[in-house]
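A short worksheet on the structure shown next.
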Amino acid sequence: MPHPLLTYYSLSPAVMAFSSTRHGGFSRGAYGEFNINRHCGDEEECANKNLEALSQVLGIDVDAVIMPHQTHGTEVRLIAKDFLTLPQQVKGMVLEGVDALTTDVRNVCIGVSTADCIPVILYDHEHNAAAAVHAGWRGTVRRIVQKAVGAMRMAYGSQPEELQAVIGPGISLDAFEVGDEVYCEFAEAGFDMEAISRREDKWHIDLKECNRRQLCASGIADRNIAVSPVCTYAGFADYFSARRLGTASGRIFTGIMLK
């Protein structure tokens, strides 16, 4: 069986945090090789085999790998122990329209799916809790990572100064070209446009920096925020990029599991 090639993040011996690459799976074409997202057009059999391979690497059951059906919103869902006992149809309903997950359950991997959007993972070592956040430009402008920090504070008593964060592979400032309407949404939302944008033929926006600033504004120390240097658009040979490969292509899975 192919072995998925993962990029790991060093947060703590008590967690496993990672982003998948395109390598080490069963999918083909623009979905090749490693994709576990069933909503992007990949063959279901390939996605299922990839999910099984990932669960073996993690040492958990397939059902313990939890990924929401994202809609570029700001809904944050808490995953408790009883989630695993729910019927599959009910699980799907719980995860529908959700763009961030939190949990304090061990041996459950929560994660989000991206292909140019920004994945963010949070870890609270004091309360052994975690979050996985999908921050596309719509979620970023609506400050989903700040909502996720607030959700962890409410659910687990997490203090922002105790949190560690990883901003995973996503599109860079150089590659993220947007129209005036997107620029205006960020400006109207109160972002420091001189710090997060640049004008060329069109506007370019730095989504990673937007999310880093939101994490800092939430109270997370800058030293506790790691930012992946990977631009998915430039690095599409190793990471999926919807802008390079089209939306009918695979997705990166960025996850975190409490041991």
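The values are calculated or read from the model by the stated rules, or taken from the named source; none is laboratory data. All values derive from a computational prediction rather than experimental measurement. Neighbour counts are summed over all protein chains in view; Cβ atoms, including those assigned to glycine, are modelled from backbone coordinates with ideal geometry. SASA here: full protein model, heavy atoms, side chains in, ligands and nucleic acids out. Shrake-Rupley method; radii C 1.70, N 1.55, O 1.52, S 1.80 Å.
Judged by the mean number of other Cβ atoms found within 10 Å, the most tightly packed of the peptides 201-209, 223-231 leads the ranking 201-209, 223-231.
For the stretch 24-143, just say rounded, prolate or oblate: build the C-alpha gyration tensor, square-root its eigenvalues into a ≥ b ≥ c, call rounded for a/c under 1.5, and beyond that prolate if a/b exceeds b/c, oblate if not.
Numbers: a/c = 1.55, a/b = 1.16, b/c = 1.33.
Since a/c reaches 1.5 but b/c is at least a/b, the shape of the stretch 24-143 is classed as oblate.
The Arg199 and Thr247 beta-carbon pair, evaluated with R₀ = 30 Å, returns a calculated FRET efficiency of approximately 0.65. Toward the positive end of the charge dipole of the stretch 102-182, with +1 on the Cβ of Lys and Arg and -1 on the Cβ of Asp and Glu, the farthest Cα among Asn107, Gly179, Val133 is that of Asn107. Beta bridges assigned by DSSP with both partners in the chain are antiparallel in approximately 75 percent of cases. Each peptide in 4-12, 188-196 gets a packing score, the mean of other Cβ atoms within 10 Å over its residues, and the list from highest to lowest is 4-12, 188-196.
How high is the relative contact order of the chain? Use alpha-carbon pairs under 8 Å, at least six apart in sequence, and give a whole percent.
Dividing the mean separation by the residue count of the chain yields 25 percent.
Solvent-accessible area assigned to carbon and sulfur over the stretch 210-259 amounts to 51 percent, based on a 1.4 Å probe. Taking all protein chains in place and a 1.4 Å probe, what share, in percent, of the accessible surface of the stretch 67-167 do carbon and sulfur account for? Using a 1.4 Å probe with all protein chains present, the stretch 67-167 comes out at 50 percent carbon and sulfur. Let me make sure I get this right: for the stretch 60-103, a, b and c are the square roots of the gyration tensor eigenvalues over alpha carbons, sorted descending. Under 1.5 in a/c it's rounded, otherwise prolate if a/b > b/c, else oblate. Which is it? Judged from the Cα gyration tensor, the stretch 60-103 comes out prolate (a/c at least 1.5, a/b above b/c).
For the stretch 160-230, give the share of DSSP beta bridges that are antiparallel, in percent and rounded to the nearest 5; count only bridges with both residues there. Numbers along the way, then the final one.
Numbers: 5 of 8 bridges.
That works out to approximately 60 percent antiparallel.
Carbon-plus-sulfur accessible fraction, the stretch 1-62 (probe radius 1.4 Å, protein heavy atoms only): 51%.
From the Cα gyration tensor of the chain, with a ≥ b ≥ c the square roots of its eigenvalues, which class applies: rounded if a/c is under 1.5, or else prolate if a/b is larger than b/c, or else oblate? Each step should come with its number before you reach the end.
Details: a/c = 1.67, a/b = 1.15, b/c = 1.45.
Oblate shape, in that a/c is at least 1.5 and b/c is the bigger or equal ratio.
Solvent-accessible surface of the chain, averaged per residue with a 1.4 angstrom probe and all protein chains in place: 43 square angstrom.
Take each peptide in 159-168, 48-57, count the other Cβ atoms within 10 Å of every residue, and average; sorted highest first, the result is 159-168, 48-57.
Only helical runs count toward this figure. For the chain, summing -39,500 (n - 2.57) over DSSP H runs of n ≥ 4 and dividing by all residues gives -7500 deg cm²/dmol at 222 nm.
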